[in-house]
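Some notes on the structure that comes next.
The values are calculated or read from the model by the stated rules, or taken from the named source; none is laboratory data. Computed from a predicted structure; not experimentally measured. Neighbour counts are summed over all protein chains in view; Cβ atoms, including those assigned to glycine, are modelled from backbone coordinates with ideal geometry. Ligands, DNA and RNA are stripped out before the accessible areas are found, and what is left, the full protein with its side chains, is counted by its heavy atoms. Shrake-Rupley method; radii C 1.70, N 1.55, O 1.52, S 1.80 Å.
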There are 2 protein chains.
Amino acid sequence: MPVPPTVTCFARLLLRPFRRPKSFVPLSTHLNFRFFSANSNDMGTVDTTSRLAKLRELMKREKVDVYVIPSEDAHSSEYICAADARRAFISGFTGSAGCAIVTQEKAALSTDGRYFNQAARQLDNNWELLKQGLPDVPTWQEWVAQQAEGGKNVGVDATVITAQQAKGLETRIKKKGGTGLLGISVNLIDEVWGADRPNRPNNPVMVLEEKYSGKEFPLKIDAVRKELENKKSPGFVVSMLDEIAWLFNLRGTDIPYNPVFFSYAFISPKSTTLYIDSSKLDEKVIAHLGSAVTIRPYHAIFDEIVLLVQEFKAEQPEMDPKASEDGGKWLVSNKTSWALSKALGGEDSIEVIRSPVEEEKAVKNDTEKEGMKRCHIRDGAALIEYFAWLEDELLKGASIDEVQAADKLEQIRSRGENFKGLSFDTISSTGPNAAVIHYKPEAGNCSVIDPKAIYLCDSGAQYLDGTTDTTRTLHFGEPTDMERKSYTLVLRGMIALDRAIFPKGTSGFALDILARQFLWREGLDYRHGTGHGVGSFLNVHEGPFGIGTRIQYSEVALSPGMFVSNEPGYYEDGSFGIRIENVIMVKEVKTNHNFGDRPYFGFERVTMVPMCRKLIDADLLTPAETEWLNSYHAEVFEKTHGFFEEDSLALKWLKRETTPI
Amino acid sequence: MPVPPTVTCFARLLLRPFRRPKSFVPLSTHLNFRFFSANSNDMGTVDTTSRLAKLRELMKREKVDVYVIPSEDAHSSEYICAADARRAFISGFTGSAGCAIVTQEKAALSTDGRYFNQAARQLDNNWELLKQGLPDVPTWQEWVAQQAEGGKNVGVDATVITAQQAKGLETRIKKKGGTGLLGISVNLIDEVWGADRPNRPNNPVMVLEEKYSGKEFPLKIDAVRKELENKKSPGFVVSMLDEIAWLFNLRGTDIPYNPVFFSYAFISPKSTTLYIDSSKLDEKVIAHLGSAVTIRPYHAIFDEIVLLVQEFKAEQPEMDPKASEDGGKWLVSNKTSWALSKALGGEDSIEVIRSPVEEEKAVKNDTEKEGMKRCHIRDGAALIEYFAWLEDELLKGASIDEVQAADKLEQIRSRGENFKGLSFDTISSTGPNAAVIHYKPEAGNCSVIDPKAIYLCDSGAQYLDGTTDTTRTLHFGEPTDMERKSYTLVLRGMIALDRAIFPKGTSGFALDILARQFLWREGLDYRHGTGHGVGSFLNVHEGPFGIGTRIQYSEVALSPGMFVSNEPGYYEDGSFGIRIENVIMVKEVKTNHNFGDRPYFGFERVTMVPMCRKLIDADLLTPAETEWLNSYHAEVFEKTHGFFEEDSLALKWLKRETTPI
C-alpha cells in the first residue's frame, strides 16, 4: 500500500483513503466486530439541510461564529471508526481526507485532488467545495480566517486537532482580525447526530503473548522512563493507539484493519496508568497488566491530567528558573491533541517530541523479526496459490470480477496459521482500474477481470506474528511493449533499492532516487512514496521513517530491524497501472572495506512472491539485476514450495515463475 | 574544490580552509594586490600573553566578562582579508575555522578535526583547545554559556556574527544564568592589534562589460524591486560581497581569489545606494553606475540605515496592524550581520529571506553560460598541456616538487585569454599528501612528486568570462589494484551523477547518493560534499544550492542554467587520495515520455580534461559507463585539440588519453 508523496492537510489521514471493511474478518473469532459505512465510497448525495440547521442552533448556544469539523479522531489515527466520522456525517462527503467548516450563512468542504469528483457529487447545494491546491482557492485554514474577519470567533472540538495545528490556525485567525480559536469540550456534531450516531466500538482487548511480542511490557515502559529521566520530565502521555497497543503487548479491534483499541496511557517516573474502559478487559488482560498498571476510564484522562499537573506543581520546591529551562516539562508527541496539551498546562508546560515509543516500536526485536519473516512466507504461499488459481480460472474462460477475486484471496489467506484478518482492503484491479492508485472495488459495482489486461493486486493480512503488505502486477495474456517496458523499469528501481548498501545515518529520503532513477530517465514517475514502515501485528503504515520525497523522511535514519515497503510503480491514466511491492528489512551488512569505521547497512528480502515473468523485458536488465532476480526467485521457491501438494496448480505455477532467466 | 559534508560552526568559513595567496596573480595588472599572511599554514607558536593582557584591560573598560572572537568578516565571506583575521591574531591559530573566547581568567579556541594538530602546535599555553565533535567537549557556544554563569555578560563585535547566530548564543547564555549578549560597536581585537594591524584593502574596482555579464545591472536591480513589491517591503540590504559584485556588474580584488570588493548595497523601491569608499571608483566605474546609484562611504551604512528606518516610520500613515503583519518589513538575507539587523530595528522589523540576488545569480544567463563553457575549454587545454609536460618531465627523471608543479600550471594558465588569476590555491599533491582533502603545498616545505605514486591536482582560475574548478587524479607509473579499483568506483559515481535525469523540483540532496552508491557498496565513502555552485568570474563556491548530504541542499531545487561541480573522491589516510571533479551545467532534456507534464532536467558537461586511463579498471564499467567515457573523451579531444601544435607533447598526450576504451 503506497503512501502519497506530499501531505496537504492533516498528516495522518491523508496517508491513505479510508476503506469500508466490507469483508473484514474479526481479529479473534470471539470478538465482535461492528461494520460501518459512514466513510464508504457510496456516491449518493445526502440532504444536509436539517443537520446544518441543528448545528447552527448549537453554534448560537455556544456563541461560536465559525465551526471547524476536521476528519481526525482523538488519536490522529490514519483509520477512524464510524462514530468518529463526523465530517462525513455533517457534509455528506465520505472521502478520507477533507475539512468541513460551517458558519451561520455558509458551509464549505475542502478536499484534495483525489476527491474533487466524489465531493462534487456528494455535497448538496448547502455546501461550497474548496478544491485544495488549485490556484486562487483558499486553503481551509485561509477560508476559516476569512470567515472570522471583523472580530468573529472560531470553534473546534479540541480533541480532534493537534496543538500545533490549533496554534497555526489561531495565528491565521488573529492575523485576519478574528478574535481567536475556542477549544470546545463537547462535539457539536455528536449532538446533531444524536441517537443515530453509531455506538463507539468497545470491543474486548486481547493479550499478545511474549512468543509474538518478544519483550515483556514492563521492559518497554522502563525504556520510556529512561527518556523521562533524560529529559527530567514528570511524565509522558501516549496518545497514538498503535503505540499503546505495542507498549502494553495488547491488541484490539476498535478500528478496522488496525488491531488497536481506544485508550490513552500516562507514564510517570513511578506510575503507569492505562485509560481504557474496563469493560474491554477480561481477567487474562487484567492479570497480564498486573498491579503496576492503574486502570482508569478512557474519558477520565482529561480531568485527571489537570489534577496531576496541579499536584506536581504543588509538590515542587520553589521553582529554580534554570531547572525549568532544562527540563521539568511534560512530554507529548506531535500527534497529541490540543485538548490534552491544554490539560497539561499548554505550550509552556509541555515539550513536543518524536514519540520514543514510536521510535522503539519501529525497530523490531528478534522475535518480531522472525515473526515478520515467517508470516510473509506464509502470506506469500497464499498469494502464490491465489495467482495460480486466478490464472487457471481466467484461462479456462471463467468470469471473475475484482471483488470475487479479492474474496478468494482472503479465503485462502484465512486458512493460514495465526491469521487474524486483513491489514487493509484488498486492491484488486484490472486494466485501467490499476491506474487508480488507491482503487477499491465495490461488490456489484466493479469490473470483471480482463485476462488480456494488466491485473494489479495490493493486499496484506494481520497475523499474530506479523503484518504483511505485498503488491504484484500480473498479465495473463500478451502485454504491450509499453507495459513490459514500464514493468521492467519499475522492477529495476525496486531491485536497485533492495540492493542498496549505505552507511549508518542514511535516511529514506536519500535512498528514494534509487527506485525512481530508471523511470526518470524515460520521463516517467509515480505520485506516491516508495516505502513506509510496517508494524508487527499492528498498523500496516507506521512511522517515524519512510522512503520517499517527503522531506520528513530525511529526519529519521534507517536502522537495522526496521521493516519497510519497497514499492515503486507507474500509472497510465485510463490504461494500466504497475506497482511491485516487497517488504524488506534493514540489516547490517559486511562490506569489503569499512571506511570511517561506520557500520554499513543493506536490506534483507522479506516478501516471498515471484515477479511476473511475462512482464519482464530481460534485455533491459543488467547482469547484476538478472542475478538478483534469479537469486530472489530461487529463495522464493525454496521458502514456499513446501506449502503445496505435488502436482498442485500452485506448485506448477511457482516452478514456472521462478525458473531462472 | 570540495566542500565538507557538515557544518559545525559558522557556516561560510568552514566551507573551505583559507589559503595564503602566495602566487596570486592580480586580477588586473593595473590593480594593486596586497599580499598577507595572517591566515597562512605557518606552524609557529605566537606568544599571546601581552595581546591577551591588553584585551583583558579593554574588556574591563567595556565591562565585558566574556569576549567572543569569531572567524568571520562583516560579510560572512568564505575568504577574509588580512585585516579581518582577528581570531588568528589573538590566538596564534591560523587555520580557517574556529572561534576564540577570552575571559579574565581563561582563553579557549574551538576548532574542528581538520585542525586539531595545527591548533595544538600553534596555541601557546594561555589557551585551552576545544576539539569540536569529540565526546564531552563543549561546543564554543556551550563553553561561552558556561563562562557566563552567575550573571556574567558576553560581548561580541556585532558586525562579525549574524543575527541568527547572536540570537542562538544569547538564548544559551541566559539559560545558563548569564545576563546576555552585548553587541559592541568597536572591535576590541583591532584596538589590541593597533598599528600592526594590516591596512584594510582598498583596491580599485573594475566594470565587467556586458559581453561578459550578459545583463545590464539596472535590470538586475529591477528584479530585486519585484521582490520588494511581492513582499511589500521598503528595502533590501545586500551584504554578501559576491552578490554586490554580480548585481552591479563590477569586480574587485579586495579578497584573494574572490573578485569582490568591500561594500554594502541598499535597494528600496525607488533608490539604489552603494556603500563603498569612493577612492575605489574611477571615472569609468562612476559613469557605469550613472546617476541612479547613490554612492556613500562604506562605513556610513550603519548610521544611515538607522535614519532611513526612522524616516520610513515617520512617513507611514497610522499603522494598520493587519498591514504590518502582511509586509512592511526590511528584507535581509540570513548572512546579514547582527549589527545591520539591529540598525534596521531588530527582529520585529526585518524578514530574513534567502537572498533573491543569490538565487538569480545562481542561474546563469546565456552570455554567462557561453562564457563558462568557453573558459572551461581554454582552462582544460591548459591542464592538458600541464599534465603532458609533468608526465614527460617525471618520466625523464626530473625532480619536481608540488609547488614547482603548481607554479608551472599557473604559468601555462596565465597565457590564456581573459585570464585574471587563480580561483583558489592549487592543490598539487603526491602520494599520501593526496589523502589530505584540503592539502596546500608550501614552497620549501612540500614533497617532490613521486612518479610511482598517485598525483592529485585540484585547481581553477578566474577568467573575465567565467570561473573554473577541475580535479584530476593521475598516475605516471603502475597503480596498485586498490588505487585502480578506488579510482574506477569514484569515476562510476561521477558518471552516474553526470548521466542523471530528474524531474523539476529535485534537489542536490536527493541526487547525492548517485555519486556515492558504488563506493558504499564496498564500504567506502568520502567526507566532503559532492558538488557546489560555481560563480561566473566570481567565487568558486557559491550558493544557494549544492549536491551532498547536508540537509540544506534539500531546500533548493536544481534549475537549468546552474553550474555545479561533480566531485566524488576516496581518501586512504597516509597512502593515497582520489578525486575527480567536473563542472556540469543543469539543462532541460528531452525524454521519451513526459509523465506529469513536468520538465525533466539533466546535465551538460562543461569541464574538458581527459580521465586517467591507467587508473581505470575497464572490467568494472558497465556498457553504458564505457559509452559515456568514450563519448566524453571524443568531446574533450574535439574541443581542445585545436589549442596544440602538431607533434606537440600535449597533442600526443591528449590523443593517447582520449583513445576509445
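Looking for something outside the structural domain of A:Val260 (by the TED database), open to solvent by 50 Å² or more (accessible area, probe 1.4 Å), touching a residue at least 24 places away in the same chain (Cβ under 8 Å) and over 30 Å from A:Lys54 (Cβ atoms) - is there at least one such residue anywhere in segment A:141-161?
Within segment A:141-161, not a single residue is outside the structural domain of A:Val260 (by the TED database), open to solvent by 50 Å² or more (accessible area, probe 1.4 Å), touching a residue at least 24 places away in the same chain (Cβ under 8 Å) and over 30 Å from A:Lys54 (Cβ atoms).
Would you point out the residue of segment B:567-595, among those that are open to solvent by 30 Å² or more (accessible area, probe 1.4 Å) and part of a strand (DSSP E or B), that is farthest from the other protein chains (Cβ to nearest Cβ)?
Result: B:Lys587.
Give me the pairs: first residue in segment A:623-636 and over 11 Å from A:Arg499 (Cβ atoms), second residue among the hydroxyl-bearing types (Ser, Thr, Tyr), beta-carbon distance under 6 Å, and six or more apart or on different chains, which are they?
Close Cβ pairs satisfying both conditions: A:His633/A:Thr658; A:Val636/A:Thr658.
Is at least one residue of segment A:207-214 on the phi > 0 side of the Ramachandran plot and touching a helix residue (DSSP H, G or I) at 6+ places or on another chain (Cβ under 6 Å)?
Taking every residue of segment A:207-214 in turn, at least one turns out to be on the phi > 0 side of the Ramachandran plot and touching a helix residue (DSSP H, G or I) at 6+ places or on another chain (Cβ under 6 Å).
Quick one: in segment B:596-616, which of the residues that are open to solvent by 30 Å² or more (accessible area, probe 1.4 Å) and within 13 Å of another protein chain (Cβ to nearest Cβ) is farthest from A:Glu572 (Cα to Cα)?
B:Pro599
Take A:Ile547 and decide whether it is touching a residue at least 40 places away in the same chain (Cβ under 8 Å) and either within 14 Å of chain B (Cβ to nearest Cβ) or touching a Cys at 6+ places or on another chain (Cβ under 7 Å) (or both).
yes
When segment A:554-592 is examined, which residues are found to be free of Cβ contacts under 8 Å to residues at least 40 places away in the same chain and touching a Phe, Trp or Tyr at 6+ places or on another chain (Cβ under 9 Å)?
Selection gives A:Val586, A:Lys587, A:Glu588, A:Lys590.
What residue, among those in segment B:166-191 that are within 14 Å of another protein chain (Cβ to nearest Cβ) and not in a helix (DSSP H, G or I), is surrounded by the most Cβ atoms within 10 Å (Cβ to Cβ)?
B:Gly178
Table: residues versus (1) in a helix (DSSP H, G or I); (2) over 21 Å from A:Ser213 (Cβ atoms); (3) touching a Cys at 6+ places or on another chain (Cβ under 6 Å); (4) among the small types (Gly, Ala, Ser).
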{"site": "A:Lys284", "(1), (2), (3), (4)": "yes, no, no, no"}
{"site": "A:Ala287", "(1), (2), (3), (4)": "yes, no, no, yes"}
{"site": "A:His299", "(1), (2), (3), (4)": "yes, yes, no, no"}
{"site": "A:Glu304", "(1), (2), (3), (4)": "yes, yes, no, no"}
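Just need a number here: residues in segment A:134-165 that are within 14 Å of chain B (Cβ to nearest Cβ) and within 28 Å of the chain's Cα centre (by Cα).
Qualifying residue count for the region: 1.
Considering every residue within segment B:331-345, establish whether at least one is open to solvent by 40 Å² or more (accessible area, probe 1.4 Å), within 20 Å of the chain's Cα centre (by Cα) and at negative phi.
Yes, segment B:331-345 contains at least one residue that is open to solvent by 40 Å² or more (accessible area, probe 1.4 Å), within 20 Å of the chain's Cα centre (by Cα) and at negative phi.
Tell me, please, whether a residue that is in contact (Cβ under 8 Å) with a residue 60 or more places away in the chain and either over 18 Å from B:Gly235 (Cα atoms) or open to solvent by 60 Å² or more (accessible area, probe 1.4 Å) (or both) can be found in segment B:291-300.
The answer is yes; a qualifying residue exists.
Check segment A:272-281 and report whether any residue there is without any contact (Cβ under 8 Å) to a residue 12 or more places away in the chain and either part of a loop (DSSP other than H, G, I, E, B) or crowded, with 18+ Cβ neighbours inside 10 Å (or both).
The answer is no, given that none of the residues of segment A:272-281 is without any contact (Cβ under 8 Å) to a residue 12 or more places away in the chain and either part of a loop (DSSP other than H, G, I, E, B) or crowded, with 18+ Cβ neighbours inside 10 Å (or both).
Of the residues A:Lys420, A:Lys361, which single one is among the basic types (Lys, Arg), surrounded by 22 or more Cβ atoms within 10 Å (Cβ to Cβ) and either assigned to a strand (DSSP E or B) or modelled with pLDDT under 95 (or both)?
A:Lys420
Take the residues in segment A:90-114 that are open to solvent by 20 Å² or more (accessible area, probe 1.4 Å) and free of Cβ contacts under 8 Å to residues at least 24 places away in the same chain; name whichever of them is farthest from A:Val156 (Cα to Cα).
A:Gly113
Could you look through segment A:480-528, keep only residues that are within 9 Å of another protein chain (Cβ to nearest Cβ) and of a type in the set (Asp, Glu), and pick out the one that is nearest to B:Glu588 (Cα to Cα)?
A:Glu522
Out of all the residues in segment A:628-652, which are surrounded by 15 or more Cβ atoms within 10 Å (Cβ to Cβ) and within 23 Å of A:Ser486 (Cβ to Cβ)?
Of everything in segment A:628-652, those that are surrounded by 15 or more Cβ atoms within 10 Å (Cβ to Cβ) and within 23 Å of A:Ser486 (Cβ to Cβ) turn out to be A:Trp628, A:Leu629, A:Tyr632, A:His633, A:Val636.
Step by step: first the residues of segment B:63-73, then only those that are of a type in the set (D, E, K, R) and crowded, with 17+ Cβ neighbours inside 10 Å, then the one that is farthest from B:Gln146 (Cα to Cα). Which residue is that?
By that ranking, first place goes to B:Asp73.
One line per residue, one yes/no per condition, for (1) part of a helix (DSSP H, G or I); (2) modelled with pLDDT under 95; (3) among the small types (Gly, Ala, Ser); (4) surrounded by fewer than 21 Cβ atoms within 10 Å (Cβ to Cβ):
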position	(1), (2), (3), (4)
A:Glu385	yes, no, no, no
A:Leu390	yes, no, no, no
A:Ala398	no, no, yes, yes
A:Asp407	yes, no, no, yes
A:Pro441	no, yes, no, no
A:Pro451	no, no, no, yes
A:Cys457	no, no, no, no
A:Gln462	no, no, no, no
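Restrict the check to segment A:203-220 and report whether at least one residue is open to solvent by 70 Å² or more (accessible area, probe 1.4 Å), in contact with an Asp or Glu (Cβ under 7 Å, 6 or more places away or on another chain), free of Cβ contacts under 8 Å to residues at least 40 places away in the same chain and outside any helix (DSSP H, G or I).
Yes; the residues of segment A:203-220 include at least one that is open to solvent by 70 Å² or more (accessible area, probe 1.4 Å), in contact with an Asp or Glu (Cβ under 7 Å, 6 or more places away or on another chain), free of Cβ contacts under 8 Å to residues at least 40 places away in the same chain and outside any helix (DSSP H, G or I).
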